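The values are calculated or read from the model by the stated rules, or taken from the named source; none is laboratory data. Not measured: the values here are computed from a predicted model. No Cβ is skipped: glycine too gets one built from the backbone with ideal geometry, and neighbour counts run over all protein chains shown. Each accessible area value is taken on the protein alone, full model and side chains, heavy atoms only, with ligands, DNA and RNA left out. Shrake-Rupley method; radii C 1.70, N 1.55, O 1.52, S 1.80 Å.
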Amino acid sequence: MSTSIMLFTRDLRVRDNPALTAACRAEHVVPVFVFDDAILNGPFAAPDRVRFLLESLADLRASLRDLGGDLVVRRGDPVTEAARLAGRTGASSLAVADERSAYGTRRLGGLRELGMEVSAHPGITVVPPGELTPAGGDHYRVFTPYWRAWDAARRRPIADEPKAIRLPSGVRAGPLPRLADLISGSPSPEPTPGGERAGRRRMTRWLREAAADYDRAHDDLAADRTSRLSPYLKFGCISPLELANAGPSAFRRQLAWRDFHHQVAAAFPALARDDYRPRGHRWNSDEDALAAWRDGMTGVPIVDAGMRQLRSEGFMHNRARLITASFLTRDLGIDWRHGLRHFNDRLTDGDIADNAGNWQWVAGTGNNTRPGQVMSPLRQASRFDPHGDYVRRYVAELADIEGSRVHRPWTLPASGRRASAYPPPIIDID
Ligand code: FAD
């Protein structure tokens, strides 16, 4: 009887999961997720992400049970736990998603030393890092040529969903831990629900109702018309390939941005730490300004609205991420690494490659072909929140101020009680 281990990592789905499909070719399958101490003790362990992870695992377990199997849950080092399970079940092969981060590459190396047949499968990105390369280079450094190659590249077929899963006898599945067993701290008050089912519901509804309008509406802050699928992509609850096959061009372009940053991070593993293109930046260290930025108390309403959305939802609109990141690095002159750390602590979709790639892009140390470009927060506000609705939604002190006047509360004559609780701008931005 052949037995295979399916090691889930950040591919928490049964639909279009090539690693799971491969593992299911064996007669018996051991689907396992290992709560990895090295990850839980590091910066990954943000409450919003661990909560989302637990919900996604509960959903995955339910799907695997529907197929006759279960999700085996362990805690410790994934390589050691895989070896233990192989010893107990006699598994001779293991399938895992091909994850090209520095950590994922080390983990795969460890698994390959176990003496089993180990196969690594695509599925985390639409196009795996390293598959597209420019002439004379190991990765694309500029987005537009990458996007052209990406959109023209042949895509793999969607993987078959397993029809049934048969666990070998004698394997204890183990309970899912509670959030408090894993980390301290509380998730944001309005979280995104985790899991493949929730992700597919959102994906189906969004493709039906909003995708066609994406090009026109994706930068409109108040309309909130982007897909909000990023946490599901981060944890692999939905397949990026399935989404790319269904979405319109402007939307596919965003998925290509994701793949772009992943191929940069695979080639430059220090992306979250070191400047990708060092340009001799000198950063200010201003703890008070940094604290005001984190707390959404800079006195610049469009910036504070973004930072408060992050605090309450564990999510921030892409346009607001650009504005708040630009304000921190360009207006306050504070090192992008401080911003990256705060986003990483709060974002449910927080991902090393996407977070670092975008921070460096905004700060002018990354892949931006116009690194000197600076965004004016007031111009951005009047363009992307022309009626002030986004600011009013998140900055309670300004909720009573009408129209676009909300973007410049300091110019209003003696304003009401609530507005006077709002601080004046910490820097001159007019
Ligand atoms: P949609 O507009 O619906 O886009 C669809 C998908 O495309 C997203 O879910 C995402 O997977 C991908 N995508 C869109 N824009 C980008 C982009 N610029 N870079 C990479 N992928 C993109 N995204 C993350 O997933 N994790 C992060 O940690 C992260 N940090 C960021 C930090 C900064 C400073 C900035 C400016 C952007 C960051 N982004 C990050 C990218 C982007 O803001 C989010 O992916 C997007 O806002 C998620 O919302 P959505 O799913 O509604 O996006």
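Taking the stretch 24-56 only, how many residues are open to solvent by 10 Å² or more (accessible area, probe 1.4 Å), assigned to a loop (DSSP other than H, G, I, E, B) and within 16 Å of S184 (Cα to Cα)?
Adding up the residues that qualify gives 5.
Name the residues in the stretch 75-130 that are more than 25 Å from the chain's Cα centre (by Cα) and of a type in the set (A, V, I, L, M), would you?
A82, A83, L85, A86, A91, L94, L111, L114, M116, V118
With the condition being free of Cβ contacts under 8 Å to residues at least 24 places away in the same chain and either within 16 Å of the chain's Cα centre (by Cα) or within 26 Å of Y390 (Cβ to Cβ) (or both), I'd like the helices (runs of 4 or more DSSP H) fully within the stretch 176-249 carrying at least 3 qualifying residues.
196-209
Out of all the residues in the stretch 195-224, which are closer than 18 Å to N17 by Cα and within 12 Å of the ligand (Cβ to nearest atom)?
Answer for the stretch 195-224, where residues must be closer than 18 Å to N17 by Cα and within 12 Å of the ligand (Cβ to nearest atom): G199, M203.
Applying the selection to the stretch 203-214, what residues are open to solvent by less than 60 Å² (accessible area, probe 1.4 Å) and either within 30 Å of S382 (Cα to Cα) or in contact with a strand residue (DSSP E or B) (Cβ under 8 Å, 6 or more places away or on another chain) (or both)?
Passing the criteria: W206, L207, A210, A211, D213, Y214.
Is there a residue being surrounded by 24 or more Cβ atoms within 10 Å (Cβ to Cβ) and farther than 25 Å from Y214 by Cβ anywhere in the stretch 316-327?
Yes: the stretch 316-327 contains one or more residues that are surrounded by 24 or more Cβ atoms within 10 Å (Cβ to Cβ) and farther than 25 Å from Y214 by Cβ.
Could you list all residues from the stretch 150-175 that are open to solvent by 30 Å² or more (accessible area, probe 1.4 Å) and either small (G, A, S) or in a helix (DSSP H, G or I) (or both)?
Within the stretch 150-175, D151, A152, A164, S169, G170 qualify.
Condition first: of a type in the set (V, I, T), within 14 Å of the chain's Cα centre (by Cα) and assigned to a helix (DSSP H, G or I). Now tell me which residues in the stretch 331-376 satisfy that.
Of everything in the stretch 331-376, just one residue is of a type in the set (V, I, T), within 14 Å of the chain's Cα centre (by Cα) and assigned to a helix (DSSP H, G or I), namely I352.
Considering every residue within the stretch 215-222, establish whether at least one is surrounded by 16 or more Cβ atoms within 10 Å (Cβ to Cβ), within 16 Å of R253 (Cβ to Cβ) and of a type outside the set (G, A, S). Break it down into steps so the answer makes sense when it comes.
Filtering the stretch 215-222 for residues surrounded by 16 or more Cβ atoms within 10 Å (Cβ to Cβ) gives 218-222.
Cutting the leftovers down to within 16 Å of R253 (Cβ to Cβ) gives us 218-219.
Cutting the leftovers down to of a type outside the set (G, A, S) gives us 218-219.
Yes, there is a match, as at least one residue in the stretch 215-222 is surrounded by 16 or more Cβ atoms within 10 Å (Cβ to Cβ), within 16 Å of R253 (Cβ to Cβ) and of a type outside the set (G, A, S).
To keep it simple, each residue is scored yes or no on (1) touching a Phe, Trp or Tyr at 6+ places or on another chain (Cβ under 6 Å); (2) outside the structural domain of A223 (by TED's automatic domain parsing); (3) of a type in the set (S, T, N, Q); (4) in contact (Cβ under 8 Å) with a residue 40 or more places away in the chain.
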site: V395; (1), (2), (3), (4): no, yes, no, yes
site: E402; (1), (2), (3), (4): no, yes, no, no
site: R405; (1), (2), (3), (4): no, yes, no, no
site: A421; (1), (2), (3), (4): no, yes, no, no
site: P424; (1), (2), (3), (4): yes, yes, no, yes
site: I429; (1), (2), (3), (4): no, yes, no, yes
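Return the only residue of L67, L85 being open to solvent by less than 20 Å² (accessible area, probe 1.4 Å), aliphatic (A, V, I, L, M) and either out of contact with any His (no Cβ under 7 Å at 6 or more places or on another chain) or closer than 30 Å to R155 by Cα (or both).
L85
Which of (1) buried (at least 21 other Cβ atoms within 10 Å of the Cβ); (2) without any contact (Cβ under 8 Å) to a residue 60 or more places away in the chain; (3) part of a loop (DSSP other than H, G, I, E, B) does L12 not meet, given it meets every other one?
Tallying (1) buried (at least 21 other Cβ atoms within 10 Å of the Cβ); (2) without any contact (Cβ under 8 Å) to a residue 60 or more places away in the chain; (3) part of a loop (DSSP other than H, G, I, E, B), L12 fails exactly one: (2).
For every residue, the table says whether it meets (1) within 14 Å of the ligand (Cβ to nearest atom); (2) open to solvent by 20 Å² or more (accessible area, probe 1.4 Å); (3) not assigned by TED's automatic domain parsing to the domain that holds Y390.
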{"position": "T226", "(1), (2), (3)": "yes, yes, yes"}
{"position": "G247", "(1), (2), (3)": "yes, no, yes"}
{"position": "F251", "(1), (2), (3)": "yes, no, yes"}
{"position": "W257", "(1), (2), (3)": "yes, yes, yes"}
{"position": "R277", "(1), (2), (3)": "no, yes, yes"}
{"position": "A292", "(1), (2), (3)": "no, no, no"}
{"position": "G306", "(1), (2), (3)": "yes, no, no"}
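Only one of (1) among the β-branched types (V, I, T); (2) under 21 Å from D428 (Cβ atoms); (3) surrounded by fewer than 22 Cβ atoms within 10 Å (Cβ to Cβ) fails for I352. Which number is that?
(2)
Residue check: is T298 surrounded by 22 or more Cβ atoms within 10 Å (Cβ to Cβ), at pLDDT 95 or above and not in a loop (DSSP other than H, G, I, E, B)?
For T298, the condition - surrounded by 22 or more Cβ atoms within 10 Å (Cβ to Cβ), at pLDDT 95 or above and not in a loop (DSSP other than H, G, I, E, B) - is not met.
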